[in-house]
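Data first, discussion second: the structure below is written as structure tokens.
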Amino acid sequence: MEVTTANPSEAENVWGGGNRPLNASYGKLMMWFFIVSDALTFSGFLVSYGFSRFKNIDSWPIADEVFTHFPFLHGIDAPMYYVALMTFILIFSSVTMVLAVDAGHHMQKGKVILYMFLTIIGGAVFVGSQAWEWKNFIKGEYGALETKGGQILQFVNADTGKRVALEEFAQPVATDRTTHTSSTGIWFANEKTLPNYSVAEVKQGFEANPNLAIRIQKLNANGQKTVLSREASLEQIENATLVVEGANLVRNEYGNRLFADFFFFITGFHGFHVLSGVVINIIIFFNVIVGTYERRGHYEMVEKVGLYWHFVDLVWVFVFTFFYLV
Amino acid sequence: MAAQEHKLAIFRGLLKFKSNQQKIWGVLIFLSIVTTVEVVLGIIKPQVLMTSFLRMKLLNWIFIILTLVKAYYIAWDFMHIRDERGSLKSSIVLPLVILIPYLIFILLLEADYIFDVMQNGFVSWNF
């Protein structure tokens, strides 16, 4: 004889996730589980960024000086405008996602398709913008020198305080040094492409231009980078060992090495989330088109991907604050 | 899962919307205003707000608070936490609200200590 149940509602398949104690379906609960754990992962990343920043609080790069590009505005100093635009794009694609969920509640297939499509476009534009941001970051703008101790020396015009790029003052010095490739020497031994200028060229150009000064990483009382006097600059440039242009995982021209590492890692991890969000959205988008959810009788799947998509937006709100604003 | 289940009031009932769609647009406008304020403050950087408060610039505190406000409305209205049961609400929010500030506290305190050690000449930083 089978076990009898006191309550007829318990007769449904409990082991199959039949009961809904929190009034949320199995799939939705699992999405929330994932989001909570992913939120902890991202907070771990952002807090470790905070750790490195507080550790170097008197010499951390100033974001406004790093992210100054805007498409089609060459040479114009436009701090933050572009990331602000990216933020608006992502918030807007979040809104079209909620509208898709809302249309799903009313079983309006056409509207769900339209709003899902707009969401995917928004996500794709965002990922593209981030790629462009990375390109500028990796390419760099001014170039700098690195000392033995790994400190970055940047160049400014002593009169105006404006940054000066290496190409504006470096003077050619004859040298035999070329990029070492595996075809010209010992087997398998080669090196990365050499920077456009050698330390000697930068040094000579610097000595020939009396209006140049060196800016070090240390922040002064006003929260700006310290500019050395001409004499101190001439002394400091003797410590330079490397020319740094742009950024990679080892060194960058903006300042502290960890700055570029965290930038690549955190915005990269977030961008990867956006990318996978776009892919998942595309899958659901086609499912909506072929009528899977119409046959199932509800559009809850759209809400589940919606949760993920909003979470990605939520994380960006924090990345935006801690990388670009604070 | 009926559409009627949505709670349509935000700002503690101060602003009530007629339909869920209207609420979505209302929240979008609110989030846009907050983001615009952040960007404008970030570009102008008013001198008044550059004073230090609890070891951080006042401006940075404002940024962080506005970010939390935005996060609240994204989670509550876009992710529909407002419409979920209290038990689900707290099982999502409480772990984050407890663990993240704890992590922040530990790591930032440690970072501040390391900064002091390097600052006081224990590690040479001048070459």
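Before we move on, is residue A:263 in contact with a Phe, Trp or Tyr (Cβ under 7 Å, 6 or more places away or on another chain), outside the structural domain of residue A:155 (by TED's automatic domain parsing) and not acidic (Asp, Glu)? Judged against the criteria, residue A:263 is a match.
Checking the conditions here, which among A:175, A:184 is more than 24 Å from residue A:239 (Cβ to Cβ), outside the structural domain of residue A:65 (by TED's automatic domain parsing) and outside any strand (DSSP E or B)? Walk me through it before giving the result.
Working: A:175 fails: more than 24 Å from residue A:239 (Cβ to Cβ).
Selected residue: A:184, the only one of A:175, A:184 that is more than 24 Å from residue A:239 (Cβ to Cβ), outside the structural domain of residue A:65 (by TED's automatic domain parsing) and outside any strand (DSSP E or B).
Assess whether residue A:200 counts as being under 33 Å from the mean Cα position of the chain (by Cα), of a type in the set (Gly, Ala, Ser) and surrounded by 12 or more Cβ atoms within 10 Å (Cβ to Cβ). When the stated conditions are applied, residue A:200 does not pass them. Scanning the stretch A:82-102 for residues that are crowded, with 19+ Cβ neighbours inside 10 Å and either facing another protein chain (nearest Cβ under 9 Å) or at positive phi (or both) returns A:83, A:84, A:87, A:91, A:92, A:94, A:95, A:97, A:98, A:99, A:101, A:102.
Would you call residue A:147 more than 28 Å from the chain's Cα centre (by Cα) and of a type in the set (Val, Ile, Thr)?
Details: more than 28 Å from the chain's Cα centre (by Cα): no; of a type in the set (Val, Ile, Thr): yes.
It is false that residue A:147 is more than 28 Å from the chain's Cα centre (by Cα) and of a type in the set (Val, Ile, Thr).
Take the conditions (1) of a type in the set (A, V, I, L, M); (2) more than 18 Å from residue A:55 (Cα to Cα); (3) at the interface with chain A (Cβ under 9 Å from one of its Cβ atoms); residue B:48 misses just one of them, which is (3).
A quick yes/no check of all residues on (1) facing another protein chain (nearest Cβ under 7 Å); (2) in contact with a helix residue (DSSP H, G or I) (Cβ under 9 Å, 6 or more places away or on another chain); (3) farther than 21 Å from residue A:46 by Cβ:
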{"position": "B:39", "(1), (2), (3)": "yes, yes, no"}
{"position": "B:42", "(1), (2), (3)": "yes, yes, no"}
{"position": "B:60", "(1), (2), (3)": "yes, yes, no"}
{"position": "B:78", "(1), (2), (3)": "yes, yes, no"}
{"position": "B:94", "(1), (2), (3)": "no, no, no"}
{"position": "B:104", "(1), (2), (3)": "yes, yes, no"}
{"position": "B:119", "(1), (2), (3)": "no, no, yes"}
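Is it the case that residue A:111 is among the basic types (Lys, Arg), touching a helix residue (DSSP H, G or I) at 6+ places or on another chain (Cβ under 9 Å), within 11 Å of chain B (Cβ to nearest Cβ) and farther than 29 Å from residue B:25 by Cα? Considered against the rule, which asks whether it is among the basic types (Lys, Arg), touching a helix residue (DSSP H, G or I) at 6+ places or on another chain (Cβ under 9 Å), within 11 Å of chain B (Cβ to nearest Cβ) and farther than 29 Å from residue B:25 by Cα, residue A:111 comes out as no. Evaluating residue B:67 against the criteria (1) within 16 Å of the chain's Cα centre (by Cα); (2) more than 24 Å from residue A:50 (Cα to Cα); (3) among the polar types (S, T, N, Q) leaves one unmet condition, (2).
Considered as a group, the residues in the stretch B:36-48 that are surrounded by fewer than 16 Cβ atoms within 10 Å (Cβ to Cβ), assigned to a helix (DSSP H, G or I) and not polar (S, T, N, Q) include one that is nearest to the chain's Cα centre (by Cα), and that residue is B:37. The residue that is surrounded by the most Cβ atoms within 10 Å (Cβ to Cβ), counting only those in the stretch A:141-168 that are of a type in the set (Val, Ile, Thr) and within 20 Å of residue A:74 (Cα to Cα), is A:164.
The values are calculated or read from the model by the stated rules, or taken from the named source; none is laboratory data. Note that the coordinates shown come from a computational prediction; the quantities given were computed from them, not determined experimentally. We place every Cβ from the backbone using ideal geometry, glycine too, and count neighbours over all the protein chains shown.
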